[in-house]
1. Taking 0.36 nm per intervening residue step and subtracting the Cα-Cα distance, what contour gain separates Glu665 from Ile519 on full extension?
2. Once you put a point 7 Å from the Cα of Met107 and another 7 Å from the Cα of Glu150, both along the Cβ direction, what distance in nm separates them?
3. Given R₀ = 41 Å, FRET efficiency for Met245-Ala327 by Cβ-Cβ distance, to 0.05?
4. Calculate, in nm to one decimal, what Leu506 and Asp200 gain on full extension: separation in residues at 0.36 nm each, minus their alpha carbon distance.
5. Which entries in the list Lys90/Lys231; Lys81/Lys394; Lys248/Lys299; Lys414/Lys553; Lys112/Lys378; Lys189/Lys299 go over 26 Å, if you measure between the two C-alpha atoms of each?
6. Round to the nearest 0.05 the FRET efficiency obtained for Lys430 and Leu652 when R0 = 60 Å and r is the Cβ-Cβ distance.
7. Please identify which residues in the stretch 193-220 have an amide N closer than 19 Å to a label point set 7 Å out from the Cα of Val170, following the Cα→Cβ vector.
8. For the modelled label position 7 Å from the Cα of Ala343 along Cα-to-Cβ, which residues of the stretch 383-409 have backbone nitrogen atoms closer than 17 Å?
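What follows draws every value from the coordinates through simple rules; no lab data is involved. All values derive from a computational prediction rather than experimental measurement. Cβ atoms come from the backbone with ideal geometry, glycine included; neighbour counts cover every protein chain shown.
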Amino acid sequence: MNMLDNSKEKMKERDETNNDETNTNKQKTRKKRIFWITTAIARETDRDREELLNTMLIEFMIYFCFVALMTIYVIGNRNPKVYYLTRGLKQQFTERGFSSVNDAEIMFEDIKTAADFWFFAESHMVNSLFWESTYHIGDFDENAMNILGENRVLGVPRIRQVRVRNDSCVVHEYFRRLFLSCYDSYSAKAENKKPFGLADGTAWEYSSSSVTRSLSYSGKISTYGGGGFYKDLVANKNETSAILMGLKDNLWVTKSTRAIFVDFTVYNANLNLFAICKLVFEFPTTGGVIPTADFRSVKLLRFHTKFDWFILVCELSCYLFVIFYIAHEFRELLYFKLRYFLAFWTWIDFSIIILTLISGLISLIKTMRINDEIEYIKNHPQEYGNLEYMAILKLWFNNIIAVDLFVIYMKIFKFLNFNKTMSQLNNTLKKCASDILGFSVMFFIIFFAYTELGYLIFGSQVESFSSFGIAMFTLLRTILGDFDYHEIEQANRLLAPFYFLSYIFLVFFVLLNMFLAIINDTYADVKTEIAIAPDELQMSGYLRRGFMRFFRKFGCFKYRGMPETKSEINATIRQIRDALKKCGFSDLEIEMFFARYNIDPLAEMNVQNNEKLLSELENILKGDSKENYVKIDDFISQQERLEQIDRTIGSLVEQIKFLLIKLKEMENVNKIRKN
């Protein structure tokens with residue numbers, strides 16, 4: 001006992017000296033103040049937990065202001081009425097029927113021949129551009145294009161086509177006598193730029209993209225250039241109909257035609273919105289027509305209301321925050337040197353800064369050029385009101401700023417990961433990254449094999465397998481339950497059942513469940529590690545303590561020290577069992593441990609139970625316990641006696657085996673003698 005007391009006293013002295021050394025080291029580190037401490041620097045320099053939480057709280061409050069301003073700026077730039085303008089134009093041009101050959105009623109998507117195109121252009125398109133129904137008779141203007149009565153066409157519409165040469169492809173030698181011409185699919189190399197037909201005017205002579213000021217367009221079959229043979233229509237319905245009739249009678253559309261574009265721009269003064277409209281008619285090499293309609297409603301004139309000026313203030317404030325974060329990242333770069341580029345959140349910060357700057361540059365260019373573009377349209381009312389470039393800039397701006405806001409929201413996890421509970425997702429993804437990577441290799445091998453098989457088997461008849469990329473997305477939709485089995489069954493009745501059932505079994509039932517099992521197992525391990533991790537001051541406790549101190553200064557109530565260990569020590573029996581299993585204990589040993597200390601498996605292991613367990617262990621060490629516990633010396637002697645008994649029993653067993661063998665031999669000898 002004296003030796004035990006002496007050892008305890010020495011341990012206390014060592015602890016006191018260690019505490020003194022740590023306190024002095026902390027004081028030294030506190031004295032060494034670092035200019036502009038960030039959360040990463042505070043964690044690297046082993047700052048006090050409270051100081052680290054304080055630094056992180058300040059960064060989070062600054063970032064929260066940035067997120068709020070960025071959200072107002074991005075959402076405020078989007079007019080919620082753009083959908084209704086786009087929807088109205090689509091309903092007028094593509095969802096209303098018109099008469100075609102033999103007075104057959106067809107829709108826009110039913111256009112299949114050049115004759116259908118001319119019926120659409122001369123009747124339905126002209127009637128839609130010149131909307132004559134008005135609310136007041138005095139508002140009618142026969143030289144104005146009003147769509148749906150509220151949308152004014154800027155300038156005039158334009159019809160344009162691109163063509164290919166007759167020698168752009170080669171007919172096979174077996175059929176050269178039957179086919180005297182060969183027109184390939186559209187490409188810049190195969191494009192025909194020579195005059196044709198009347199060879200007089202822009203409709204019959206080629207104009208480059210610098211003249212037409214049109215951008216290239218990616219259709220369903222090919223990507224078409226901005227040049228071509230074009231004709232600007234006029235702001236009079238009868239004259240427009242005469243122009244279209246003249247193009248039709250003089251065979252403006254021939255076998256060389258690969259795409260026809262009808263472009264016009266409208267403005268809605270009620271909503272302050274522009275709509276850049278494009279009706280596309282592709283003429284594939286297989287024959288027929290593939291129609292497509294593209295309506296892009298955008299807000300190009302920003303400073304129209306007081307709210308627009310408020311959005312401008314939010315935008316400028318966001319760029320001030322970006323300047324601050326550039327300095328923030330530069331500060332960490334100076335401190336961490338090359339290690340700075342190894343952190344994951346570094347690249348997230350880079351993405352936010354770069355995307356915000358690019359979107360700001362696009363917004364600046366758009367704002368500077370839009371007035372000049374509108375002035376040009378006002379000064380040239382007989383030309384096509386081309387705002388395609390402005391629409392593309394707005395589209396890129398919307399895409400970039402949307403991705404930027406998404407990344408900004410994702411960065412909030414950086415601050416939430418500082419809490420134990422919130423960091424479960426981050427830790428789970430980190431730990432299972434290698435397993436998921438190995439699983440992904442196996443998954444994509446099988447997935448690409450099925451994609452290739454479906455493309456080759458069903459690609460010639462099923463649209464959802466018509467290309468390798470489309471087949472990939474079709475199989476991804478199949479995992480979510482979106483699949484048309486009857487379509488592939490009609491294409492190939494023999495292989496469709498095998499293809500569908502094997503894919504569902506391997507991918508849906510096996511691979512997908514393997515993926516979920518990896519996530520679940522890793523998540524369970526992370527929860528166990530969090531349960532047995534050392535307790536630290538959390539952000540919630542730090543905020544609670546700060547509020548208490550704040551109210552105490554005003555004398556609202558007396559501040560009492562919060563029990564910092566009670567809620568952190570409480571743990572369920574399941575968490576304790578998982579922790580013991582993690583340490584290598586068997587189920588039998590864990591049950592004996594619970595039975596020894598009378599722990600109820602359905603109860604909660606709280607502070608009182610822990611104190612009782614620790615007091616019993618201390619009594620055992622001191623020898624003050626009233627119960628008869630086995631001493632170490634007695635246990636060792638009993639263990640030696642058990643080993644001696646075990647050896648004795650082993651020798652007796654060997655002798656008994658020897659006697660049994662002898663008896664069996666004697667029995668065999670007696671049988672031989674009797675015979």
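1. That works out to 46.2 nm of additional length.
2. 2.3
3. Efficiency for this residue pair is about 0.05.
4. Fully extending the segment from Leu506 to Asp200 adds 103.8 nm.
5. Lys248/Lys299; Lys414/Lys553; Lys112/Lys378; Lys189/Lys299, as the Cα separations exceed 26 Å there.
6. The pair Lys430/Leu652 has a calculated efficiency of 0.55.
7. none
8. Answer for this model: 408.
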